[in-house]
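Take a look at the structure below.
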Amino acid sequence: MRFVLMSSVAASVLLAGCNAEEDKTNRPPPKDPAAVVAATVETVAMKNAGDAADDPAIWIDAADPSRSVIIGTNKKAGLGVYGLDGAELSFRADGRMNNVDIRQNVVLGGRSFDVVVASNRTAKTLDVYKFDGATRTLAPLLQAATAFPDPYGICLYHSAKTGVLYAFMNDSNGTLGQWMISSTDGVKVKADFLRSFMVGEKDSQAEGCAADDRQGLLFVAEEDVGLYAYDAEDLSKARVVIDTVAGGHFTADAEGVAVVYEGEAGGYIMASSQGSNSYNVYDRTAPFAFRGAFVIKDGTASNGAPIDGVEDTDGIDVTSAPLGPAFPGGVFIAQDGANFEGPEKKRALQNFKLVPWPVIREALKLPAPMAEAAPPAAPQ
Ligand code: CA
Ligand code: CA
Ligand code: CA
Ligand code: CA
Ligand code: CA
């Protein structure tokens, strides 16, 4: 009798464990009819168990776009660099890096840098790196101490108006801070804290963010509430509510945010609707019209292997830039909170999935992309 009781307790504990894992793959459907796409590449799995992968950023090799990489956070260990085939090229075990962002060709102190920033929850710092394109590795430039007890989301804004580089980092208590990243000699880089404010109520978490350098806008997702557009040049100006959880198109959490440019006026804001395992797409320009939702389901990788769908996404990134034969029209990257491997769908550790951007465009029936503006004609 006692043995039977213990077995049933053990069984229910086991079942609860399984259910907790299944929850991510068995979420309520998106609130809107969702287009269906599939990934063609996935990165190698994290080396840490549990919720480890979080946020990606794309580095583009202008000379050889097929050498472009994904820099991805492992929020239990550090920062990984992955090729477009998903292989890990390098890894820095610098701490519990939560989010990451990049801007290329930024002039600091007269020298050009590909700047990478990451929010370090171990050291409670804002970490700045230079991406070395020749070796495709990250070289540390600065670890800036912050007053934030728990650095969380992070994104860069490279002002088209002034050329100044800013980092926005938030704390998991709902505070959003702004730093200016600069250098006087092109060698030593510094990050000056400028200001901070609350995005919402205290402890209402705001994590995902992304800036539109061309329009001077900062997009911030408040997880339980929705997505905002701030004036990145003047944060004191009234923000615009792009979408909401209550009555809107998000199922909480509203998580990762990314911007894709298609010409001066074209392009989209993309955001993870984590609670429905889907992604929302909005016009990049005001009034930020909702253009639809999509999900990433099981498919076949470009190497012929089965590739699982994507669930419980935290961070995303996207570009429309051609990235060589594998992604000639650009790529969308999503963290996969529930990775499975092989035809038996064996549970594996988390990773990132890569979906060709034109596949998403076509699935959502988005209008033909606007061309990037041609450079002004040479005087006759
Ligand atoms: Ca997660
Ligand atoms: Ca990112
Ligand atoms: Ca989050
Ligand atoms: Ca998956
Ligand atoms: Ca997989």
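So the values come out like this:
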| quantity | calculated |
| --- | --- |
| Filter pass, V260 being within 16 Å of ligand 5 (Cβ to nearest atom) and of a type in the set (A, V, I, L, M) | no |
| Long-range neighbours under 6 Å by Cβ, at least six apart or interchain, first residue under 16 Å from V36 (Cβ atoms) within region 270-282, second away from ligand 1 (no atom under 16 Å from the Cβ) and at pLDDT below 95 | S276/P28 |
| Positions within region 270-318 being among the β-branched types (V, I, T), open to solvent by less than 20 Å² (accessible area, probe 1.4 Å) and either away from ligand 3 (no atom under 16 Å from the Cβ) or outside any strand (DSSP E or B) (or both), in sequence order | V281, V295, I296, I307, V310, T313, V318 |
| Lone unmet requirement of (1) touching a Leu at 6+ places or on another chain (Cβ under 9 Å); (2) of a type in the set (F, W, Y); (3) more than 17 Å from I71 (Cα to Cα) for F340 | (1) |
| First in region 340-355 and at pLDDT below 95, second anywhere and more than 16 Å from ligand 1 (Cβ to nearest atom) and assigned to a strand (DSSP E or B), Cβ under 7 Å, 6 or more apart | G342/P306; P343/P306 |
| Residue within region 36-53 that is surrounded by fewer than 19 Cβ atoms within 10 Å (Cβ to Cβ), charged (D, E, K, R) and at pLDDT 95 or above present | yes |
| Residues located in region 132-151, provided they are within 19 Å of L89 (Cβ to Cβ) and either without any contact (Cβ under 8 Å) to a residue 60 or more places away in the chain or in a strand (DSSP E or B) (or both) | D132, A134, T135, T137, L138, A139, P140 |
| Filter result (more than 16 Å from ligand 1 (Cβ to nearest atom) and over 16 Å from the mean Cα position of the chain (by Cα)) within region 214-227 | R214, Q215, G216, L217, V225, G226 |
| Residue check, M180 assigned to a strand (DSSP E or B) and either at positive phi or open to solvent by 40 Å² or more (accessible area, probe 1.4 Å) (or both) | yes |
| Within region 135-167, tally of residues that are closer than 15 Å to F193 by Cβ, among the small types (G, A, S) and open to solvent by 40 Å² or more (accessible area, probe 1.4 Å) | 2 |
| Answer residue from region 105-131, given it is in a strand (DSSP E or B) and open to solvent by 50 Å² or more (accessible area, probe 1.4 Å) and is nearest to ligand 3 (Cβ to nearest atom) among those | K130 |
| Residue list for region 192-213, filter: of a type in the set (A, V, I, L, M, F, W, C) and either within 16 Å of ligand 4 (Cβ to nearest atom) or more than 22 Å from the chain's Cα centre (by Cα) (or both) | F193, L194, F197 |
| Unmet requirement for G330, which otherwise passes all of (1) in contact (Cβ under 8 Å) with a residue 60 or more places away in the chain; (2) closer than 29 Å to V240 by Cα; (3) away from ligand 3 (no atom under 16 Å from the Cβ); (4) open to solvent by 10 Å² or more (accessible area, probe 1.4 Å) | (4) |
| Residue match in region 338-353 (condition: within 16 Å of ligand 2 (Cβ to nearest atom), acidic (D, E) and either part of a loop (DSSP other than H, G, I, E, B) or open to solvent by less than 10 Å² (accessible area, probe 1.4 Å) (or both)) | no |
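One line per residue, one yes/no per condition, for (1) of a type outside the set (S, T, N, Q); (2) under 21 Å from I58 (Cβ atoms); (3) at pLDDT below 95:
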| position | (1), (2), (3) |
| --- | --- |
| V259 | yes, yes, no |
| A289 | yes, no, no |
| D314 | yes, yes, no |
| T319 | no, yes, no |
| G337 | yes, yes, no |
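Here is a yes/no grid of residues against (1) within 17 Å of D150 (Cβ to Cβ); (2) buried (at least 22 other Cβ atoms within 10 Å of the Cβ); (3) in contact with a helix residue (DSSP H, G or I) (Cβ under 7 Å, 6 or more places away or on another chain):
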residue: S172; (1), (2), (3): yes, no, no
residue: K190; (1), (2), (3): no, no, no
residue: R195; (1), (2), (3): no, no, no
residue: C209; (1), (2), (3): yes, yes, no
residue: E222; (1), (2), (3): yes, yes, no
residue: G226; (1), (2), (3): no, yes, no
residue: E233; (1), (2), (3): no, no, no
residue: F250; (1), (2), (3): no, yes, no
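The rows are residues; the columns are (1) under 19 Å from V107 (Cα atoms); (2) at pLDDT 95 or above; (3) hydrophobic (A, V, I, L, M, F, W, C).
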site: F131; (1), (2), (3): yes, yes, yes
site: L138; (1), (2), (3): yes, yes, yes
site: A144; (1), (2), (3): no, yes, yes
site: K161; (1), (2), (3): yes, yes, no
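The values are calculated or read from the model by the stated rules, or taken from the named source; none is laboratory data. Here the structure is a predicted model, which is why all the values come from computation and not from measurement. Cβ sites come from the backbone with ideal geometry, for glycine too, and all protein chains shown count toward neighbours. The accessibility values were calculated without ligands, DNA or RNA, using every heavy atom of the protein model including side chains. Shrake-Rupley method; radii C 1.70, N 1.55, O 1.52, S 1.80 Å.
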